[in-house]
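Notes to accompany the following structure.
The values are calculated or read from the model by the stated rules, or taken from the named source; none is laboratory data. Model, not experiment: these values are computed from the prediction. Here the Cβ positions follow ideal geometry from the backbone for every residue, glycine too, while neighbour counts run over all protein chains shown.
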Amino acid sequence: MTDLLMRPAQTRTDEPLVRIRDLKVRYSDDQPLVLDGVDLDLFRGETVALLGSSGSGKSTLMKALTGFAPIESGSVAAGDFDVANLQRGQLRRLRSQTGQVFQQFNLVGRLSVLTNVLTGSLYGAGAANMLGTFRSSDRVRALELLERVGIVHKAGEPARSLSGGQQQRVAIARALMQNPRVILADEPVASLDPRMSRTVLELLRQIACEDNIPVLVSLHVVPLALAHSDRIVGLRYGEIVVSGRTSELDADQLAPVYDLDDEEEE
Amino acid sequence: MSIAEKTKAKQELDPRARESMERAFRIPRARFVVGVVVGVAIFLWSANGAQFDFLKLGEGAANMGEFVLRMFPPDFSKIGLILALLLETLQMAVVGTVIGTVLSLIVAFGAASNIAPRWLYYLCRWTMNIIRALPDLVIALMFVSAVGLGPFAGILAMTIGSIGSIGKVFAEAMEAVDRGPIVAMESVGSSKRQVIQYGILPQALPLLTSYTLLLFEGNVRGATILGLVGAGGIGLELTTAMNRYDYGHLFAMVICIIVLVTIIDQASAIIRKKIT
């Protein structure tokens with residue numbers, strides 16, 4: 001384990017698109033640190049799986065990347081943004097460039113699939129969409145993205161009529177609509193069956209490769225992480241306990257992430 | 001204490017709490033018993049103060065039956081007048097509901113805690129509380145004194161009354177929407193207006209529509225009462241018929257009102273079904 005902790009996650013020559021250094025996050029003074037000294041780099045074209053039990057800090061790490069979590073100390077650099085020191089307008093711009101995919105899809109069930117995807121282009125849409133309309137060019141692009149995720153035939157249907165896997169693909173299309181520089185997927189397959197989980201994770205990995213952007217995806221299932229990522233980072237109680245290339249890791253090496261050591265001690 | 005230790009300490013259950021939870025039958029908490037006793041005492045005190053008496057109702061049932069019998073048969077000889085007044089009542093309700101809904105929606109944005117800043121939230125909530133505390137007839141009298149007798153005063157009274165009643169439920173409908181889509185909107189860098197337009201309103205729309213239809217139904221019934229103070233509608237004719245003991249005419253008007261309210265209720269049900 002020590003070897004895994006000390007070993008650099010990846011030896012690369014290119015610059016990381018996201019660089020996190022000694023990140024500490026605490027929600028209130030009387031609460032313990034949720035993230036304690038996290039270091040992480042995200043590179044173009046790679047899919048990084050974030051493993052950890054509930055409460056380990058996975059979601060908080062994602063929130064810290066988009067300015068939704070209070071950074072106590074350390075730095076989060078995403079492209080040109082120093083996330084800890086952004087004003088409201090800059091935060092909106094950062095978020096507009098960060099695609100996010102959620103466990104519960106977070107679609108507006110009554111709106112059509114197409115409109116849900118189009119909401120990904122709201123930043124910078126100005127007052128033109130006050131009447132509920134979107135530019136024709138945006139509509140063309142949204143339909144192309146729905147084609148890409150294989151669900152264009154459902155474009156006119158209300159989002160709530162779709163299955164979980166289909167809704168998650170709509171959510172991915174919405175994230176792509178932002179022309180994201182990075183995609184953060186917070187437990188995107190936790191509500192899906194195993195087959196659909198594999199489909200969604202493969203789609204995310206394909207996007208990372210084709211669009212040459214980093215995809216950070218938090219997961220609970222070790223075999224899925226091993227099968228659908230280039231790198232794995234394991235969080236436990238707010239600290240990174242495992243980090244390495246997926247090809248160099250196996251399930252036993254990832255055991256510390258899920259307290260298996262503690263159970264053995266007991 | 002490390003994060004791991006703190007987390008573990010939080011995960012442990014107090015032994016006494018555990019023992020209490022394991023028992024099949026538990027003695028009710030003192031505050032629950034006190035709450036029930038206080039609730040019953042307040043009800044009995046109120047019933048006594050309001051002279052609530054089932055015996056009296058039983059004794060007077062014969063008089064009520066006699067009153068109902070006097071209304072038979074309904075007299076439809078002035079059906080033209082009844083329909084004209086009903087139409088006016090309906091028109092008042094339509095205009096009052098449309099303007100009332102628009103104003104209520106505006107105030108509701110300020111009164112929804114997930115949309116408005118704290119200062120605006122309290123300002124709007126207090127405004128609605130004050131309006132709700134004013135009886136509709138008092139509001140109607142205020143407008144009758146301002147713009148004179150007629151349906152215009154009634155419409156104004158309905159509009160203001162709507163803000164107090166429907167504005168509150170509009171705000172609560174917006175507060176009750178699923179937070180997920182709102183998070184998604186904020187995550188793409190949307191402005192506050194865009195979050196409301198694409199995240200909150202589409203989710204709240206079925207409830208907003210339902211409450212608007214309820215407001216319309218209420219305004220139709222309300223318009224019959226506002227007429228009592230000269231604020232237009234069929235209310236004045238109802239009062240006149242009662243004062244003249246013209247029960248046949250009164251009953252004909254009541255039947256027409258029932259038919260109108262039933263039609264509106266059915267139409268509302270169809271619209272609600274289409275939207276939800």
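For this structure, a couple of remarks:
- The listed residues are B:134, B:149, B:120, and the only one of them that is modelled with pLDDT under 85 and surrounded by fewer than 19 Cβ atoms within 10 Å (Cβ to Cβ) turns out to be B:149.
- The stretch A:72-98, residues that are in contact with a strand residue (DSSP E or B) (Cβ under 6 Å, 6 or more places away or on another chain) and either among the basic types (Lys, Arg) or within 8 Å of chain B (Cβ to nearest Cβ) (or both): A:94, A:98
- Residues being buried (at least 19 other Cβ atoms within 10 Å of the Cβ) and within 11 Å of chain B (Cβ to nearest Cβ) - total across the stretch A:36-58: 3
- Of residues in the stretch A:207-237 being aliphatic (A, V, I, L, M) and part of a helix (DSSP H, G or I), the one surrounded by the most Cβ atoms within 10 Å (Cβ to Cβ): A:225
- When we screen B:83, B:57, B:87 for residues that are in contact (Cβ under 8 Å) with a residue 40 or more places away in the chain and surrounded by 10 or more Cβ atoms within 10 Å (Cβ to Cβ), the only hit is B:83.
- Residues in the stretch A:173-200 that are touching a residue at least 40 places away in the same chain (Cβ under 8 Å), on the phi < 0 side of the Ramachandran plot and either more than 14 Å from chain B (Cβ to nearest Cβ) or acidic (Asp, Glu) (or both): A:186 alone.
- Residue B:94 touching a residue at least 40 places away in the same chain (Cβ under 8 Å), surrounded by fewer than 17 Cβ atoms within 10 Å (Cβ to Cβ) and part of a helix (DSSP H, G or I): yes
- Taking residues in the stretch B:1-25 that are modelled with pLDDT of 75 or more, and partners anywhere that are exposed (fewer than 11 other Cβ atoms within 10 Å of the Cβ) and not aliphatic (A, V, I, L, M), the pairs with Cβ atoms closer than 7 Å and at least 6 places apart or on different chains are B:20/B:26.
- The residues listed here are A:185, A:175; of these, the one that is under 18 Å from residue A:122 (Cα atoms) and either touching a helix residue (DSSP H, G or I) at 6+ places or on another chain (Cβ under 7 Å) or surrounded by fewer than 20 Cβ atoms within 10 Å (Cβ to Cβ) (or both) is A:175.
- Subset of the stretch A:115-134 (residues that are more than 10 Å from chain B (Cβ to nearest Cβ), touching a helix residue (DSSP H, G or I) at 6+ places or on another chain (Cβ under 7 Å) and not in a helix (DSSP H, G or I)): A:134
- Residues satisfying the stated conditions in the stretch B:205-219, i.e. buried (at least 23 other Cβ atoms within 10 Å of the Cβ) and among the aliphatic types (A, V, I, L, M): B:215
- Test result for residue A:92, assigned by TED's automatic domain parsing to the domain that holds residue A:231 and more than 22 Å from residue A:207 (Cα to Cα): yes
- The criterion of at least 3 residues that are within 14 Å of another protein chain (Cβ to nearest Cβ), free of Cβ contacts under 8 Å to residues at least 60 places away in the same chain and of a type outside the set (Asp, Glu) is met by the following helices (runs of 4 or more DSSP H) wholly inside the stretch B:107-207: B:179-187.
- When each of A:33, A:61, A:111 is tested for being over 30 Å from residue A:151 (Cα atoms) and at the interface with another protein chain (Cβ under 8 Å from one of its Cβ atoms), the lone residue that passes is A:33.
- Those residues of the stretch B:220-256 which are buried (at least 20 other Cβ atoms within 10 Å of the Cβ), in contact (Cβ under 8 Å) with a residue 24 or more places away in the chain and aliphatic (A, V, I, L, M), in sequence order: B:220, B:223, B:226, B:229, B:231, B:234, B:250, B:252, B:253
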